[in-house]
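The values are calculated or read from the model by the stated rules, or taken from the named source; none is laboratory data. Everything numeric in this text was worked out from a predicted model, so none of it was measured. A quick note on method: Cβ atoms are made from the backbone with ideal geometry, for glycine too, and the neighbour counts reach across all protein chains shown.
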Amino acid sequence: MRCSARVQQLKGDVLDLRGRSIQYAILQREVDTNRALYDALLQRYKEIGVVGGGAAPVSTVDDASVPTAPFKPNLFWNILLGLGLGLINGMVAAVVLEFLNDTIKTRADVRNKLRLACLGAIPKRSRKITLVEELEDPASPTSEAYSSVATSLRFSSEHGVPKPLLLTSARAGEGKSSTALSLCHNLARLGKSVLLIDADLRKPAFRAVSDKQGLTKLLTTDEHVSDHVTATQYDNLWLLPCGPIPPNPADLLSSGRFRSIIREACAQFDLVVVDAPPVLGLADAPLLASVCNDVLLVVESGKTRTAAATEAVNRIRAAGANVLGATLTKSTEERSGYGYGYGYGYGQYKYGAVERNRSEVVMLGHQAEG
């Protein structure tokens, strides 16, 4: 009995010792954890103390002052730089445009680029004044300019104004019909009998009372020139209109009949002026030039390219004709203006001549006597 009680007592002491050992281990771990936290806090505290107690590595070099004006942008230098860059860009653009826009603009361009004499420059006309009104006023800038061209033509050959004289241009709308009418009007005022022949069989610029008479009728018949010539509203100025528009203009002009018509006209009139179609793209103008021999080239200022005008001159000379010179139309070199609207449309042709609202170069006449 006593032994069993002792054994039970010893078992209880052992279990109590185990519990105390476990409690000790737990407390030992808490002590170690608290000691680690304490060491970390102490280390951090020391670091803060070192940083807070040291001298700052910043020193004052110069005292800041309030500026009296902004440092940038500099208005003066910016304006100067802008003017310089603008001037350079403007010069470069002007040179580029000069090379790209290679057109005949001035009398000097006619002489230097085309190697032709410039017989005159017609100023660009205001739309408010018609060509007929300008021609009726001898003191108008346009009338005086054409008088200068007529004077130059009188000195272009030993015998004065060539007879016959053919007027043409490189392309349509350059004012050749207006120039032909103006020159004929100017020469007719001098008391000479002048015949204007509308040889543009594709898009005639002049018209008569009837389409039954004209150049196309003469080219297909043996009738006399006097039977188809009509008087105009101007004294001493006569018109040989185109007549009915033929389907084959080049074939009609290539026949020898046109040469005999010109010969007959020169025998009846003091001066004969032929208004021809443009040179480029058509065979009509070279055929007419080979018969008339003397040619005046009409060039529109600022519109006709140098290559086109040069090609026109070469084609005329290849036909055996002589290019007397060039007349510059719609020029801005003069103060007063001259404008001329002449539209070519070789795709579609209408029977008849150009109406007044599309071209001011219109002449009404009656059948000539004799």
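The table below lists the values:
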| item | result |
| --- | --- |
| Pick from segment 49-65, criterion loosely packed, with under 10 Cβ neighbours inside 10 Å and not in a loop (DSSP other than H, G, I, E, B), ranking: modelled with the highest pLDDT | Val50 |
| Condition broken by Leu190, with the remaining ones in (1) of a type in the set (A, V, I, L, M); (2) surrounded by 16 or more Cβ atoms within 10 Å (Cβ to Cβ); (3) closer than 26 Å to Asp294 by Cα satisfied | (2) |
| Residue within segment 328-345 that is at pLDDT 90 or above, of a type outside the set (Asp, Glu) and part of a helix (DSSP H, G or I) present | no |
| Failed item, numbered, when Gly84 is tested on (1) among the small types (Gly, Ala, Ser); (2) at pLDDT below 90; (3) over 30 Å from Val298 (Cα atoms); (4) assigned to a helix (DSSP H, G or I) | (2) |
| When residues of segment 115-173 are limited to those that are in a helix (DSSP H, G or I), free of Cβ contacts under 8 Å to residues at least 24 places away in the same chain and acidic (Asp, Glu), the one nearest to Leu328 (Cα to Cα) | Glu144 |
| Filter result (of a type in the set (Gly, Ala, Ser) and touching a strand residue (DSSP E or B) at 6+ places or on another chain (Cβ under 6 Å)) within segment 269-290 | Ala276, Ala285, Ala289 |
| Number of the exception - Leu131 against (1) surrounded by 21 or more Cβ atoms within 10 Å (Cβ to Cβ); (2) out of contact with any Gly (no Cβ under 6 Å at 6 or more places or on another chain); (3) within 15 Å of Val272 (Cα to Cα) | (3) |
